[in-house]
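Taking it in order: structure first as structure tokens, then the write-up.
The values are calculated or read from the model by the stated rules, or taken from the named source; none is laboratory data. No experiment lies behind these values; they were computed from the predicted model shown. Heads up, the Cβs are rebuilt from the backbone with ideal geometry, glycines too, and the neighbour counts pull from every protein chain shown. Side chains are part of the model used for accessible areas, which takes the heavy atoms of the whole protein and leaves out ligands, DNA and RNA. Shrake-Rupley method; radii C 1.70, N 1.55, O 1.52, S 1.80 Å.
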Amino acid sequence: MSDIIASSAPRADRLRPATDEQLRWFDITETDRSRAEALAATADELAEPIIEDFYRHLLSFEGARRHFRDDDQIARVKQGQLRYFRELVAAALDDEYVANRRRIGLIHERAGVTPTLYVGAYAYYLHSLGHMVMDRMQDDPARAVSLLLSLNKIAHFDMALALETYVDTREAAIEQREREMSELPTPVLQLRDGLLLIPVVGTLDSFRARNLTVRVLERIRDLRARAVVLDITGVAAVDSAVASHLIQTMTAARLMGATAVLTGLSAEVAQALVKIGVTSEALHTAGDLQHGIEIAERLMEG
Amino acid sequence: MSPPVLPAEQVLRIARDGDIVAARQAGRLMASEIGFSRPEQALIATAISELTRNIVSYAGTGRLSCRAVQQPRRIGLRIIAEDQGPGIPDLEAALRDGYSTGNSLGLGLPGTRRIMDDFDIRSAPGQGVTVTVTKWTSC
């Protein structure tokens, strides 16, 4: 497992075991597959009445009905569903199958089919099929149960694939938003001739810190600034990594000929930084923005 | 002081920068529920920042758990950061100020040791890292 996590592949892949391992986790054996296949003929035959019945059930829900524009669309979705359940009993459970299932999961997620709707529909299908198979195999109920239990395993494997897609999609959306947040440009304001103010807001990760340094240096050069006030009142968290980024930015500013003053450090954060071992030699700091600007102005004159 | 109702253990998955902020907030909240002062809460939040940032920077993914621990005369907050990453080949060096294999100040681990009361680290190359730290309420 550790090698899977440590690999540098994108996260979605690195946490997901390969298909073989997944099948082992669900304890799906060759026997299960052949038993499920034994149900293929029956499932094929019963699929239509089950799906008709299911749509009667589904369309009695106002919320579910809203997913469908017209009868044409319902007919198309029914066809898709027929295929879906046929594959469940007959398909080879290989990588291609997994990819296909995940694609279908994605379509559901985009269409706003909730996990409750999805799992509920699945349960309805398995339940209907179960009853019908038991009816037909009255002479050998033990075999009927073993066939259905094998199908049940595969169905759960199948459901897991779709639900993983839901989770991945949400995670991707969150990451996307975080990236957008971290790419928020940090404004560099000219307070007056030669004096710049940079209010830093949010999370200062490495990517953003690099951008910040570049922006500050460019503006110092363009505006021939002699002092820079870096205000971090709005930074969510300050630890040694963030402190390191700030120190680098301020040191670089000084190399460009501008004095940097850091403001907005709360008392608690300041104490914590000192205990961690961040030293403030060579750093001009001020408790609040007002004071910081005053210090900067003094330094410019001096 | 009446015994406070101890908060339930929290386990968080750590995989990206956003998780560091979330872990920090969760830890700070728990510290305040246990009865730590505001400066102590900031110390704990900073320790969590350092530990989780190490996970994101060096291992990619890992977990952080926070729970209240009780002894006859004191209450504490125990934080366990663990990952399955490449591990630390030289623990002694990693605990020295200014030592870093990445591009950092090299204060994360030694700093965390300074601001917490108990500090334990276990690691071996290829075996991941487990850091267990505890801060006790002063009483």
Residue-count net charge about residue A:264 - beta-carbon cut-off 12 Å; Lys, Arg +1, Asp, Glu -1: -2
Relative contact order of chain A, pairs being alpha-carbon contacts under 8 Å that are 6 or more residues apart, as %: 14 percent
Estimated distance in nm for a label pair at residue A:146 and residue B:22, the labels positioned 7 Å out from Cα along Cα-to-Cβ: 4.6 nm
Projected label distance in nm at residue A:25 and residue A:107, using a 7 Å step from Cα toward the beta-carbon: 2.5 nm
Residues of type aspartates and glutamates that residue A:275 reaches as a straight line, Cα spacing below 13 Å, ignoring anything fewer than 8 places off in the same chain: A:239, B:40, B:50, B:97, B:117
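Express the carbon and sulfur contribution to the solvent-accessible surface of the protein assembly as shown as a percent, rounded to the nearest whole number, probe 1.4 angstrom.
Of all accessible area on the protein assembly as shown, carbon and sulfur atoms account for 53 percent.
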Region B:72-139-region A:183-250 distance, computed between alpha-carbon centres (Å): 30 Å
Chain B: relative contact order as a whole-number percent, Cα under 8 Å and 6+ apart: 24 percent
Charge dipole magnitude, Cβ of K and R +1, D and E -1 - region A:37-150, Cα centre, debye nearest 20: 500 debye
Per residue accessible area of region A:144-302, 1.4 Å probe, in Å²: 48 Å²
Percent of C-alpha pairs per 10 Å bin, chain A, short to long: 5, 20, 19, 12, 11, 12, 12, 6, 2, 0, 0
Interface A:B - total buried accessible surface [probe 1.4 Å, Å², rounded to 100]: 2500 Å²
Assigned charges on the beta-carbon of Lys, Arg, Asp, Glu; chain A dipole about Cα centre (debye): 940 debye
Amide hydrogen neighbours beyond the local backbone of residue A:285, cut-off 5 Å, H modeled: A:262
Residue-level accessible surface for residue A:251, protein heavy atoms, 1.4 Å, Å²: 60 Å²
Listing of region B:45-61 residues, each with accessible area lower by at least 40 Å² in the full protein assembly than in the chain alone (probe 1.4 Å): B:46, B:50, B:53, B:61
Solvent-accessible surface ranking, highest first, for A:276, A:293 at 1.4 angstrom: A:293, A:276
For residue A:229, distant residues with modelled amide H under 5 Å away: A:196, A:197, A:198, A:261
Axial C-alpha extent at least 15 Å, average Kyte-Doolittle at least 0.0 - helices from chain A (DSSP): A:40-59, A:115-136, A:240-255
With DNA, RNA and ligands ignored, accessible area of residue B:53 (1.4 Å probe; Å², nearest 10): 40 Å²
Shape of region A:2-182, Cα gyration tensor, a/c cut at 1.5: oblate
Antiparallel content of DSSP bridges confined to chain A, in %, to 5: 15 percent
Beta bridges per DSSP with both ends in region A:189-301, % antiparallel, nearest 5: 15 percent
Computed [θ] at 222 nm, deg cm²/dmol, chain A (DSSP H ≥ 4; -39,500 (n - 2.57); rounded to nearest 500): -22000 deg cm²/dmol
